[in-house]
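Below is one structure, written out as structure tokens, with a few remarks after it.
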Amino acid sequence: MRYGHRPGRDKRVTTHTALVARAFGANGFILGDVVDEGVYRVFRKVLDYWGGDLVFEMGVDSAKYCVNWRKNGGVVVHLTMYGIHIDDVIDEIRSLNKDILVVIGAKKVPRFFYEIADYNVAIGHQPHSEIAALAVFLDRLYGGRELHFKFPGAKLEIIPSKSGKRIKRTPL
Ligand code: SAM
């Protein structure tokens, strides 16, 4: 879940977080509190061509979403440089075997999210990027397996190549 998206300035970064969520194995992407059709359009287009059946929600109340997620038995992980180092919690989080709501910020994240989170997790304790933080978190969660996932319904598939670009196209 992306918190704090500002349509005027975050479109590209938020779109990239959605694409990273998909490519690194998330089951859905939630744009909290705002509706941004531009982000959805790009995401939808990538799903149409490259496959995947992720859930996409936007305009939901981020705070309520977290509360309900926990009520329904899920765990909330907030990515923040102030949290516990990922190396010290990732095995525990994985072993819970629960649905995980990963919260990433844009603008200043209110205290509420630090408190509702079951885990405040730092991808190192330096300030960097929500895109990088999400990618590293998911990669550690899956132990790298996610980079081999196949996406159902893909019309385009890369054929790995030492040089040039090779793409397998499934006729529409
Ligand atoms: N200025 C904002 C604040 O003080 O909360 C944070 C801006 S930061 C560019 C945007 C998001 O990137 C953060 O909310 C957090 O989710 C993520 N992030 C950046 N560095 C991180 C780190 N070292 N570990 C985990 N998440 C990080």
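Computed from the coordinates by the stated procedures, all read-outs in this text should not be read as laboratory data. From a predicted model like this one, the values you see are computed outputs, not experimental measurements. FYI the Cβ positions are ideal-geometry reconstructions off the backbone, even for glycines, and counts take in every protein chain you see.
Per-structure values
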quantity	calculated
Inter-part distance where the range 66-116 and the range 1-41 are each reduced to a Cα centre, Å	17 Å
Links that overshoot a 21 Å alpha carbon limit, given the list 11/168; 11/165; 11/108; 71/107	11/168; 11/165; 71/107
Rounded to whole Hz, the Karplus (6.51, -1.76, 1.60) HN-Hα couplings of the range 126-131, x for glycine and proline	10, x, 9, 9, 5, 5
Selection from 156, 137, 62 lying farthest towards where the dipole of the chain points positive, charges on Cβ	156
For the range 67-76, 3J(HN,Hα) per residue [Karplus equation, 6.51 cos²θ - 1.76 cosθ + 1.60, θ = phi - 60°, Hz, x = Gly/Pro]	4, 5, 4, 5, 4, 8, x, x, 10, 9
Ratio Rg/Rh [Cα only; Rh per Kirkwood] for the chain	0.98
Mean separation of Cα contacts under 8 Å, 6 or more apart, over the residue count of the chain: relative contact order %	28 percent
The chain - mean residue ellipticity at 222 nm from DSSP helices (-39,500 (n - 2.57) per run, n ≥ 4, rounded to 500)	-13000 deg cm²/dmol
